[in-house]
Each structure stands twice: as structure tokens, then as C-alpha cells.
Amino acid sequence: MGKYFGTDGFRGEVNKVLTVEHAFKIGRFLGWYYGRDHKASIVIGKDTRRSGYMLEHGLIAGITASGADAYMLHVTTTPSVSYVTRIDDFDCGVMISASHNPFYDNGIKLINGHGEKMEDEVQDLCEKYLDGEMEEIPLAERENIGRAIDYSAGRNRYIGYLISLATHSYKHMRVGLDSANGSTWQIAKSVFDALGADTYVVGNTPDGTNINAGCGSTHIENLQKLVKENHLDVGFAFDGDADRCLAVDEKGNVVNGDHILYIYAGYMQERGKLGSTKVVTTVMSNFGLYKALDARGIGYEKTAVGDRYVYENMRANGHRIGGEQSGHIIFSKYATTGDGLLTAIKIMQVILDRKTTLSRLAEPCQMYPQVLKNVVVKDKDETMNDPRVQAEVKAAEERLGNSGRVLLRKSGTEPVLRVMAEATTHETCEKEVDAIIRAMDEAGQLIRIK
């Protein structure tokens, strides 16, 4: 990760970490970088945060000052920006969003011309420009100054694409939707209404400051209540920019990203569509998912945490489905990024094809209890490589055998190690995590449990 751009863009509190000056300079860089041999075209979307307008105008000013044209999708989803960038041959795309973060944070996500997350080398060069380590970029003059163009038609085309992917009418299906007061506040209901569902919607009154506030995939209890009180067949909750989707079954139980991977991979296997490909997960997927996939004879691979790494593995190896427990699910045949609305449509396809309920589809994939503790240490690498810590990790693995696992993972942004255990009981998880933390303390590495 760079100084500004992490695994999912440049993100932070607005006007403290991320400012309008940053947005202007990023726009200046993109307009110049992609316009060196032609007049570049860059498409921009944003979620419902109040600061999105300020950052959007800063980006547009920078892009047009460098001589490129800026196309505005307005309030839309991250996957829609990815789709439009790829389908309509834009040089690159920009999404203004901090995803599931609170409203006072925002972010700038860069998307390449293939609809994928921007290459590190381009973001690294952009960071050099932000830090004044490049020569100043020339300003466009006269007729070469860029234009700002309304492009809401691109967003509508994306909605049409989603509707075209549905294989069934949703007539007689009672569906709950939680739009997190974010990007899907209009789109989600439009899609499900067009497909014939009887929709019940919450989290669809954005005011610029209530995105993700007590709603959406980070507060799934809101959707659980909606489903149970209205006796709905299924519910779907999205995050602020709609690249995540979690579901709630007809009983009000949460169906997370691991369940969704299991359900759809099994559906592909039954239809002969999985072939020799594997399910791509991150190291944080639940042990229960791996047990359930093993029982069906479905292979899997594990990557570092982040949907970026999931997609890179899928692209390199030709895998067709992957994702994270948090609800970032990637269907590589249809998209180059996690797409919450696409995920909801795919789950509806399985429910209607199998003529069954979501609870029955998810039942074989039982989540194991998990305990995760963050510990502040003197040196992350030194702690992980300490013989006493390694010995305790190995002992924990031997004690758990086939009934659980332990994991040590470094934070990418803090002097923190994440110590995680999954086992058949919560008490066993606590015991194994605490044993590893004690080993860190005995090795003189532990500062405190965060």
C-alpha cells in the first residue's frame, strides 16, 4: 500500500485526511496521465455523503484543467462505475465513496479502463504528484480545456444490465431491501420492482449524513427486523457504495458472504458450471465454509484480506466465483468487482431455480464460533517469528486438529497483530487465542490487548 492509496482507494476523514485539494490534484493527474496522446474521457460516480459534491467538483476541475472530459454518473454504485468504464471505453473511472465508513469519511477509488482497481504503478505515480515529486503538469488552454458532461444514461444502462441478468420473474416474492442510505437508495428498489417483486425498503432516505448509520450491511439487525415483522421471503442489505451484499433468510437469520459463496458455488457445481475452477476466499473466511466445501468436493484458494486480492487470484487462475465474508462477492463472468445488487440477483436465481428457501440453501454451511483479538506489539514481524509464539500456534493447531483453526495476521495500518481462533465452542476459541497472546507476553513482545 502507498502513502495515500490503500487496497481500496484514498480514504479518510474529509478536510483532515482527504481534502478538496487532493481531489483537484488527483483530477489534474488523471487528466494528464490518460490524455498524453489523446483527449481523455473519465467517468465519475459518488455515493450520498455530503462531502461527495465537494470532492466531485474538485476532481472535475482538475480533470478539465488538464484537458480531459469528465462524465458524471452522479449518485451511483461502485460496481456501476466499473461497468460503465469498461463497457463505454472510458480511459478510467473514479468512485467517490468510503464504502461502509461513517459519513464524515470519504474516499477516492480509481478504476482502470478494464473496470478493475487501478494498477499500483499508476497510483504510485499519482502519489508522487500529490507530494510534489513530479514536474508540474501543464494546464490546458483555449479549446483544449475539458468539458463536464452529464452521463446519467450510463447509470441507467447499468440498471438495465442488472435486470437482463435475472432468469426469473420475482412476482409473488416478498423482498426486503436495506440501501444503507447510500448508493442504492433509488437503484435497488427500481431493479426489484422492475422484476416484479413486492418490495419493502429501509435505509432509503439519505440526507448526506446518515449513510451506514444504523442501517445497511454493517447494521444487519435493521433488515432482520423488517423481514420478521413483514414475513418476507428474503432480504438484502448493501453497504454505502453497494459493492457488498449480506442477506437475511425468511426466518430472520443472517446469510453472510461465506454462506453466499457456498450456496452459489454449489449451484454452479450442480449445473456443471464450476468445472475445475475453485472458490477464492480470503484467510478470514470461516472454517465452516471450508468444511462445507470439502463435504461437496469443491476446491478453494485463500488470499490476503481484500477483494482486490480475491479478484487478482480469480483473473490469474480463471476462477469464476470468489469473495469475502463481509459480502464482497465477485462473479467474474459478469463483473470485475464485488457487486451487491448482482449478488442479490444471483441469490434470487438460486432460490427460484431450486424452489426452496434461503434458510435451506444455507443450512449445510454452519459457521464456527470465532474469537478475534487485536494486540499491540513492539514489532509485528519479530513477534510472528518468535519461536515461543510459533510453538504456541503449532500447539493450538494440534489441539484443534480438524475441528478448528488459528490465524495470526498483521494489520496493514497499525502496529497490531490480529489473533483469531475458530472452533466448535466459543470457550475453546477464547482459550486458544489467550494462550497465543500469553506466549507473546512471555516473549516480551506484547504491549497491550487493544
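The values are calculated or read from the model by the stated rules, or taken from the named source; none is laboratory data. No experiment lies behind these values; they were computed from the predicted model shown. No Cβ is skipped: glycine too gets one built from the backbone with ideal geometry, and neighbour counts run over all protein chains shown.
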### Summary
Expected single match for crowded, with 17+ Cβ neighbours inside 10 Å, at pLDDT 95 or above, assigned to a helix (DSSP H, G or I) and of a type in the set (Val, Ile, Thr) among Val371, Val406, Val419, Val433 is Val433
### Task
Determine which single condition Arg142 fails, assuming it passes every other condition in (1) loosely packed, with under 15 Cβ neighbours inside 10 Å; (2) over 23 Å from the mean Cα position of the chain (by Cα); (3) closer than 21 Å to Leu352 by Cα; (4) of a type outside the set (Asp, Glu).
(3)
### Query
Among the listed residues Tyr151, Tyr158, Tyr129, which satisfies the condition of being of a type in the set (Phe, Trp, Tyr), surrounded by 14 or more Cβ atoms within 10 Å (Cβ to Cβ) and touching a strand residue (DSSP E or B) at 6+ places or on another chain (Cβ under 7 Å)?
Tyr151
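Sort out for me the strands (runs of 3 or more DSSP E) sitting completely within segment 29-141 that have 2 or more residues that are β-branched (Val, Ile, Thr). Walk me through how you get there before you give the answer.
Details: elements: 41-46, 69-75, 92-96, 105-111.
It comes to 41-46, 92-96, 105-111.
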### Message
For the list (1) farther than 30 Å from Thr356 by Cβ; (2) part of a helix (DSSP H, G or I); (3) in contact with a Cys (Cβ under 9 Å, 6 or more places away or on another chain), I need the number of the one condition that Ala153 fails.
### Response
(3)
### Task
Could you grab me the full set of residues in segment 225-246 that are more than 23 Å from Phe103 (Cα to Cα) and either in contact with a Phe, Trp or Tyr (Cβ under 8 Å, 6 or more places away or on another chain) or not β-branched (Val, Ile, Thr) (or both)?
Lys225, Leu226, Lys228, Glu229, Asn230, His231, Leu232, Asp233, Gly235
### Message
Among (1) touching a residue at least 24 places away in the same chain (Cβ under 8 Å); (2) among the basic types (Lys, Arg); (3) outside any helix (DSSP H, G or I), there is one condition Lys302 misses while meeting the rest; what is its number?
### Response
(1)
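Being surrounded by fewer than 14 Cβ atoms within 10 Å (Cβ to Cβ) and either on the phi > 0 side of the Ramachandran plot or outside the structural domain of Lys251 (by TED's automatic domain parsing) (or both): is that true of Glu121 here? Before the answer, list the steps.
Values: surrounded by fewer than 14 Cβ atoms within 10 Å (Cβ to Cβ): yes; either on the phi > 0 side of the Ramachandran plot or outside the structural domain of Lys251 (by TED's automatic domain parsing) (or both): yes.
Here the answer is yes, as Glu121 does meet what is asked.
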### Message
Of all residues being in a loop (DSSP other than H, G, I, E, B) and either within 19 Å of the chain's Cα centre (by Cα) or of a type in the set (Phe, Trp, Tyr) (or both) in segment 174-202, which is nearest to His231 (Cα to Cα)? Just the residue, please.
### Response
Ser179
### Query
Residue check, Asp89 against (1) crowded, with 20+ Cβ neighbours inside 10 Å; (2) under 25 Å from the mean Cα position of the chain (by Cα); (3) among the charged types (D, E, K, R), all met but one. Which one?
(1)
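Criterion first (hydroxyl-bearing (Ser, Thr, Tyr) and modelled with pLDDT under 95) does Ser276 satisfy it?
Numbers: hydroxyl-bearing (Ser, Thr, Tyr): yes; modelled with pLDDT under 95: yes.
For Ser276, the condition - hydroxyl-bearing (Ser, Thr, Tyr) and modelled with pLDDT under 95 - is met.
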### Query
Looking at (1) touching a residue at least 60 places away in the same chain (Cβ under 8 Å); (2) over 28 Å from Lys355 (Cβ atoms); (3) outside any loop (DSSP other than H, G, I, E, B), which is the one condition that is false for Pro206?
(3)
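Restricting the search to segment 77-90, which residues are touching a residue at least 60 places away in the same chain (Cβ under 8 Å) and of a type outside the set (A, V, I, L, M, F, W, C)?
Our first condition is that a residue be touching a residue at least 60 places away in the same chain (Cβ under 8 Å); within segment 77-90, this holds for 77-80, 82-84, 86-88.
The answer is Thr77, Thr78, Pro79, Ser80, Ser82, Tyr83, Arg86, Asp88.
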### Message
For segment 289-299, check the following and say yes or no: at least one residue is under 14 Å from the mean Cα position of the chain (by Cα) and not small (Gly, Ala, Ser).
### Response
no
